[in-house]
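Take a look at the structure set out below.
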Amino acid sequence: MSNPRAISDTSLIPLVARIHCSKNFPEYFFDPKALSLEGHIPDDTILGNSSEYSLLASVARYRNMDSMVRSFVARYPQANVVYLGCGLETAYFRLNEPRATFYELDLPEIMAKRAELLGGAQNDILIPADAFDLDWAKRLDPQTPTLLVASGLFQYFAEPKITRFIADAKQTFPNVELIFDATNQKGLKYVNRYLKKTGNDLLIHFYIDDALEFSKKVNSHLLEERPFFTEARKTLAKKLKLYTRIAMRVVDAKKRAIILRLKLN
């Protein structure tokens, strides 16, 4: 991965979002482990430059991905669940799923910070590694059904790097699914504008305008294409600001932010 310092910094944005929404919208999303890390946020730059919409967008991604992980583990109780570029992701604690084995991957300096703040567990294994170099897969039983989770990761890289990773994963695991979030091309400018406001100089590049076309490009089966805000719009309804409600409706309708679930082989 390039520019690990900037990628490390971007891991604070979703953490701030999880803390904020756990405090303000617990009926939709509640993350006690994220709340326990509040004292490690260096300042209020991210929160001060984040709209209600942008904070909920980050959390909606986690809410939907958590649901997909739970569904996978329900089908395959002894599954491997691999968080690629995990940063300070706290899904392991939110899911509280003892049946599966979780693997957390990120660059060594990021994993050192994660180990300091969050530690590991018998079924939550920390691996300092470049997620795109599948040497880390030697730590897993490849015959076990495996779910790869890329949350807020792929966007920072060019499409050929993503398609190469998917091809490598297909070769490595005989039974593997991949879930990841993406924006479309029009959504790029909005996300990059927000990243700049929060003090990050690392911009996103990868986008998907047609999920089915992309799945065919990587010779995979598109199992699901999910908009971000279906549940948020229903659960929070008029509790949200008017702008937030309008933005959520537009983003879902125009597919500016989606989560894809692919069966790779």
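Here is a yes/no grid of residues against (1) of a type in the set (F, W, Y); (2) closer than 19 Å to E224 by Cα; (3) in contact with a Leu (Cβ under 8 Å, 6 or more places away or on another chain):
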site: M65; (1), (2), (3): no, yes, no
site: L88; (1), (2), (3): no, no, yes
site: A100; (1), (2), (3): no, no, no
site: A129; (1), (2), (3): no, no, yes
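Among residues belonging to region 42-57 that are assigned to a helix (DSSP H, G or I) and touching a Gly at 6+ places or on another chain (Cβ under 8 Å), point out the one that is nearest to K189 (Cα to Cα).
This residue is I46.
Do the conditions hold for F93, that is, is it touching a residue at least 60 places away in the same chain (Cβ under 8 Å), assigned to a helix (DSSP H, G or I) and farther than 27 Å from K23 by Cα?
No: the conditions fail for F93.
Scan region 126-160 residue by residue and report those that are charged (D, E, K, R) and either within 24 Å of R75 (Cβ to Cβ) or without any contact (Cβ under 8 Å) to a residue 60 or more places away in the chain (or both).
Those that are charged (D, E, K, R) and either within 24 Å of R75 (Cβ to Cβ) or without any contact (Cβ under 8 Å) to a residue 60 or more places away in the chain (or both): D133, D135, K138, R139, D141, E159.
For every residue, the table says whether it meets (1) within 19 Å of the chain's Cα centre (by Cα); (2) modelled with pLDDT of 95 or more; (3) surrounded by 20 or more Cβ atoms within 10 Å (Cβ to Cβ).
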position: V69; (1), (2), (3): yes, yes, yes
position: R75; (1), (2), (3): no, yes, no
position: Y83; (1), (2), (3): yes, yes, yes
position: Q122; (1), (2), (3): no, no, no
position: F132; (1), (2), (3): yes, yes, no
position: V149; (1), (2), (3): yes, yes, yes
position: Y156; (1), (2), (3): yes, no, yes
position: I162; (1), (2), (3): yes, yes, yes
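Which of the numbered conditions does S220 fail, given that it passes all the others? Conditions: (1) at pLDDT 95 or above; (2) over 21 Å from R164 (Cβ atoms).
Unmet condition: (2).
Of the conditions (1) at pLDDT 95 or above; (2) out of contact with any strand residue (DSSP E or B) (no Cβ under 8 Å at 6 or more places or on another chain); (3) closer than 20 Å to E52 by Cα, E213 fails just one. Which one is it?
All conditions pass for E213, except number (3).
(1) touching a Cys at 6+ places or on another chain (Cβ under 7 Å); (2) surrounded by fewer than 19 Cβ atoms within 10 Å (Cβ to Cβ): which one isn't true of L95, the others all being true?
(1)
Working only within region 184-198, note down all residues that are at pLDDT below 90 and surrounded by 15 or more Cβ atoms within 10 Å (Cβ to Cβ).
Correct list: G187, L188, Y190, V191, N192, Y194, L195, K197, T198.
Quick one: in region 164-183, of everything that is in a helix (DSSP H, G or I) and not small (G, A, S), which residue is most open to solvent (accessible area, probe 1.4 Å)?
Taking the candidates together, the pick is Q171.
Please find, within region 213-238, the residue that is surrounded by the fewest Cβ atoms within 10 Å (Cβ to Cβ) out of those that are farther than 30 Å from N175 by Cα and touching a helix residue (DSSP H, G or I) at 6+ places or on another chain (Cβ under 9 Å).
Among them, the one singled out is K238.
Is there a residue in region 79-87 that is among the hydrophobic types (A, V, I, L, M, F, W, C), under 16 Å from I179 (Cα atoms), in contact with a Pro (Cβ under 6 Å, 6 or more places away or on another chain) and outside any helix (DSSP H, G or I)?
Looking for residues that are among the hydrophobic types (A, V, I, L, M, F, W, C), under 16 Å from I179 (Cα atoms), in contact with a Pro (Cβ under 6 Å, 6 or more places away or on another chain) and outside any helix (DSSP H, G or I), one finds at least one in region 79-87, hence yes.
The values are calculated or read from the model by the stated rules, or taken from the named source; none is laboratory data. Predicted model, so just to flag it, every value in this text is computed and none were measured. Cβ sites come from the backbone with ideal geometry, for glycine too, and all protein chains shown count toward neighbours. To get the accessible areas, we keep the full protein, side chains included, count just its heavy atoms, and leave off ligands, DNA and RNA. Shrake-Rupley method; radii C 1.70, N 1.55, O 1.52, S 1.80 Å.
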